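Undergrad: The following block contains the structure, expressed as structure tokens.
Read-outs: derived from the displayed coordinates by stated rules, not from any lab. Only a predicted model underlies this, so the values are computations on that prediction, with no experimental measurement involved. We place every Cβ from the backbone using ideal geometry, glycine too, and count neighbours over all the protein chains shown.
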Amino acid sequence: MFRILKRRELNKSVTLIEIEAPQIAKKALAGQFVILRTDERGERIPLTVAGTDQGRGAVCVIFQVVGATTMSLDRKREGDTIADLVGPLGNPTELDGIKKAIVVGGGVGCAIALPVARRLHELGADVRSVIGFRTRGAVILEEEFRACSDVSVTTDDGSYGETGNVCIPLKRLLEREKFDAVYAIGPLVMMKFVALTTKPYGVKTVASMNPIMIDGTGMCGCCRVTVDGEMKFACVDGPDFDAQKIDFDEAIGRNRSYLAFEAEAREKHCNLYKKEGN
Amino acid sequence: MDLRTTKYPMPVRDPLVRNRDFEEVSLGYDGETARHEAQRCLHCKAHPCVDGCPVSVMIPDFIAKIAEGDFEGAYRIIGESSSLPAVCGRVCPQERQCEKFCVRGVKGEPVGIGRLERFAADYHLSHSEKTDRPVSNGHRVAVVGSGPAGLACAGELAKRGYEVTVFEALHTAGGVLVYGIPEFRLPKEIVRREVEHLLGLGVKIEMDSVIGRLYTVEELKRELGFEAVFLGTGAGLPRFMGIKGENAKGVFSANEYLTRANLMKAYEADSATPIYRGKRVAVVGGGNVAMDAARTAKRLGAEKVFIVYRRSREELPARREEVEHAVEEEIELQLLTNPVEIVTDGDNNVVALECVRMELGEPDESGRRRPVVKEGSEFRIEADCVIMALGTSPNPLIKQTTAGLLTKPRGEIAADENGKTSLEGVFAGGDAVTGSATVILAMGAGKVAARAIDEFIAGKE
């Protein structure tokens, strides 16, 4: 059992929790992920580590409430426990030798982009962040990004920051200056377009993949991704890959494999809580 | 002496009832049937059956005990050589091991050694009392992985007084016994009891612990103070064929499909884990894992399930009994058939498996006749789900994170016949060393390594 030390709602549908797991906190690096199960009957879901606090032995994850599992995780309060937390999994993001970089985060993906921006900042790099959201109410972690980088914010509806998607400020930055690398973390569609945007500039572009997983340790083969025409497994070969070589369209399709099941589970779950509420 | 030429039949559940649920297929002998079957053993001097057993169980001796009605005595004899008899009695390929050499098999069927082993083990599990905890010798050993190799190694060390901690990556102990082999072939209750037995011996099990990440092998020794480490990390990533369409929606590795069903219990209504319920399912491969996946698909409501295998029935690597059970359960065998492409629709969903027919040519290096493509034999099996059961390649995690640990050319951990690796105090066994093999070989390797670890630690004093 793993205890929740802290819980904070970042916006209506995105929640931050800190979970007590000293050894994972000691080991986890930017880009790595954990797998958790809320309870004994729960499914295993991968979540990227959004930060660690070694002093308190805490691992921070940030999640968007989208399905039954994230709903039940969102109902946990400080002091409550979750059944399992496994990690740190995957390879840390390679940041060696990067002097100047752009970190692109989309929506809840910003939670994962933040530790990359932070780590680059700690390593003395010049960091620019481009963080994009649907609308003003969805904006998260802006202050945290400002603390370690120059920030551009976009919203799809123009209610905050620049109107449009992350590719607009990204392109502007690439036009003006030279960068060693671009790190893209967010929805697959966003990462696909980031890759298309950076391509003409020949800048190293890394995407962090977050496919469906079960064990997360290199056993089930569920998280396979086609990179440069080859089959790769995000859990042991990734989760970071060269964005120019990822078959994003295939990945988008694979991530939708259980949509119908998820919708049904969400429905059941909501009804359950309505009943409990009565 | 019972001169019956065939084995006493194993009571099994009706195929067309059992292929709709996940309860165990074979029900096991009762005491009386077991005694009759035991009396079929000739107690021949040469006892070739023992040589056929990878861990040399004294088969005629335990069978004699069953014939006498001393079932607990039979269990004790098996226990001297085997750590998991209730498991091995169910999943060993007896027809290629002990029973293959049984003299009774020359004219008729061999003695049902596997069935008798299962009987003795089940009897023990339902009658045994709590095991006494051995006195600690103060030495600490880490075991990585709680599959057959790890469990056997931990049990053997614990009996010798070692303080053993098992590190398991998943949330349940048992490795392939819980994520791979289905409930209908190996009830998880049996695995749970085997694990409980180890806990009774004082073994600690740490779940959710991925060695290589949470702690490296080096840290287990240096920081946590384990004097020796046993690596029983099992087989690794699933293999695919490299044909078109393998990443389409509706294509799964058998590992994924079975993990969802077995470990995550996705077939139960209240499980939060989804599983794809195909209507027409094609399983590629001919081993036990392929049979398990096919029979699981049937139980999840598939109307048609095919096993697609490139050689003939004779070469199927699965246990004979599993093939028979699969056929009884209306799984269709498409033999001498090889997939060449997974056909998809515009939305990347599987719609068919494009195959060619094969014929057997000259024997290859394995001694089996090599299948060659029959020209112009292309045909399609319509399917909305394809499961690849083609074996595994080694998990790279331990290798990548353990400096100085030598591996074989294909990536398996290099270890000698006692499980010694290139690193002092680090031992390995099971699929992590051999590649995909059997439960009994892994268990045997775990036991052998435990003895080597005992010698290693004793030798340091």
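Undergrad: Would you pull out the residues with amide H under 5 Å of A:Thr52's amide H, same chain only if 5 or more places away, H placed 1.01 Å from N?
TA: Placed amide hydrogens put A:Cys60 under 5 Å from A:Thr52.
Undergrad: Do the sum for the protein assembly as shown: with -39,500 (n - 2.57) for every DSSP H run of n ≥ 4, divided by all residues, what is the mean residue ellipticity at 222 nm, to the nearest 500 deg cm²/dmol?
TA: About -9000 deg cm²/dmol.
Undergrad: Suppose each label sits 7 Å from its Cα in the direction of the beta carbon; what would the A:Tyr201-B:Ser136 distance come out to in nanometres?
TA: Once both label points are built, they end up 5.9 nm from each other.
Undergrad: What's the local net charge at A:Asn91, with K and R +1, D and E -1, over the other residues with C-beta under 9 Å away?
TA: Residues close to A:Asn91 contribute a combined charge of -3.
Undergrad: For B:Lys107 paired with B:His36, estimate the spin-label separation in nm (one decimal), with each label point 7 Å from Cα along the Cα-to-Cβ line.
TA: Each label point is offset 7 Å from its Cα along the Cβ direction, giving 2.1 nm.
Undergrad: Let me ask something additional. Work out from phi, with θ = phi - 60° and the Karplus expression 6.51 cos²θ - 1.76 cosθ + 1.60, the ³J(HN,Hα) of each residue of segment B:286-297, listed in order in whole Hz, and give x for Gly and Pro.
TA: Here the 3J(HN,Hα) series is x, x, 4, 5, 5, 4, 4, 5, 5, 5, 5, 4 Hz.
Undergrad: So which trypsin sites (Lys or Arg not before Pro) in segment A:143-210 end up in coil per DSSP with only 13 or fewer other C-beta atoms within 10 Å?
TA: Answer by residue number: A:Lys178.
Undergrad: Right, another one. State whether segment A:2-89 is rounded, prolate or oblate according to the following rule on the C-alpha gyration tensor (a ≥ b ≥ c being the square roots of its eigenvalues): a/c under 1.5 gives rounded; otherwise a/b larger than b/c gives prolate, and the remaining case gives oblate.
TA: Verdict is rounded for segment A:2-89.
Undergrad: I need the shape label for chain B. Rule: rounded when a/c is under 1.5, else prolate if a/b > b/c, else oblate, with a, b, c from the alpha carbon gyration tensor.
TA: Oblate shape, in that a/c is at least 1.5 and b/c is the bigger or equal ratio.
Undergrad: Right, another one. Going by Cα centres, segment A:56-81 and segment A:176-191 are how many Å apart?
TA: Here the two parts' Cα centres lie 28 Å apart.
Undergrad: Say a paramagnetic label sat at a point 7 Å from the Cα of B:Lys279, along Cα to Cβ; which residues of segment B:346-390 have their backbone N under 14 Å from it?
TA: The answer is B:350-352, B:382-385.
Undergrad: Taking the Cα centre of each part, how many Å lie between segment A:199-238 and segment B:25-40?
TA: 51 Å
Undergrad: Which ³J(HN,Hα) values in Hz, rounded to whole numbers, follow from the phi angles of segment B:367-372 under the Karplus curve 6.51 cos²θ - 1.76 cosθ + 1.60, where θ = phi - 60° and Gly and Pro get x?
TA: x, 8, 5, 6, x, 10
Undergrad: Taking the Cβ of A:Gln54 as the center, what net charge do the other residues with Cβ under 11 Å away carry, scoring Lys and Arg +1 and Asp and Glu -1?
TA: Within the 11 Å Cβ shell, the charges total +2.
Undergrad: Using a simple charge model, +1 on the beta-carbon of Lys and Arg, -1 on the beta-carbon of Asp and Glu, nothing else, what dipole does segment A:9-72 show about its Cα centre, in debye to the nearest 20?
TA: For this selection, approximately 160 debye.
Undergrad: For B:Val143, what residues show an amide H to amide H distance below 5 Å, using hydrogens built from the backbone and excluding near sequence neighbours?
TA: Hits under the 5 Å cutoff: B:Thr165, B:Val166, B:Phe167, B:Phe230.
Undergrad: I need the GluC sites (Glu not before Pro) found in segment B:66-139, filtered to DSSP loop residues with at most 11 other beta carbons within 10 Å of theirs.
TA: Counting only loop positions with at most 11 other Cβ atoms within 10 Å, the GluC sites (Glu not before Pro) in segment B:66-139 are B:Glu129.
Undergrad: Taking square-rooted eigenvalues a ≥ b ≥ c of the alpha carbon gyration tensor, is the protein assembly as shown rounded, prolate or oblate, where a/c under 1.5 means rounded and, failing that, a/b exceeding b/c means prolate?
TA: Because a/c hits 1.5 or more and a/b exceeds b/c, the protein assembly as shown counts as prolate.
Undergrad: How far is helix A:167-176 tilted, in degrees, relative to the longest principal axis of the Cα atoms in chain A, given as a value from 0 to 90 rounded to the nearest 10?
TA: The angle comes out near 30 degrees.
Undergrad: Let me ask something else about it. With angles folded into 0 to 90 degrees, how steeply does helix A:259-277 sit against the dominant principal axis of chain A? Use alpha carbons for both and round to 10.
TA: 50 degrees
Undergrad: Right, another one. Could you please report the charge total around A:Asp150, scoring K, R as +1 and D, E as -1 over all other residues with beta-carbon less than 15 angstrom from its beta-carbon?
TA: +1
Undergrad: Count the DSSP beta bridges whose two residues both fall in the protein assembly as shown, then state the antiparallel fraction as a percent rounded to the nearest 5.
TA: Percent antiparallel among DSSP bridges in the protein assembly as shown is about 50.
Undergrad: Okay, next question. So what does log10 I(q)/I(0) come out to for segment B:15-127 at q = 0.13, 0.21, 0.22 Å⁻¹, using the Debye formula with one equal point on every Cα and no solvent?
TA: Listed by q, the Debye log ratios stand at -0.46, -1.12, -1.21.
Undergrad: Within segment B:219-313, list the GluC sites (Glu not before Pro) lying in a DSSP loop whose Cβ has at most 13 other Cβ atoms in a 10 Å radius.
TA: B:Glu223, B:Glu268, B:Glu303
Undergrad: For chain A, which longest stretch is free of loop sites, where a loop site is one of the GluC sites (Glu not before Pro) that DSSP puts outside H, G, I, E and B and that has at most 16 other Cβ atoms within 10 Å?
TA: Longest stretch, sites excluded: A:178-278.
Undergrad: If I model a spin label as a point 7 Å beyond the Cα along the Cα-Cβ vector, how far apart are those points for A:Asp156 and A:Arg8 in nm?
TA: 2.7 nm
Undergrad: Only residues of segment B:101-131 count here: report those whose backbone N is under 14 Å from the spot 7 Å along Cα→Cβ of B:Arg320, or say none.
TA: So the set is B:101-115.
Undergrad: Could you state the number of Å between the C-alpha centres of segment A:123-168 and segment B:224-265?
TA: The distance from the Cα centre of segment B:224-265 to that of segment A:123-168 comes to 38 Å.
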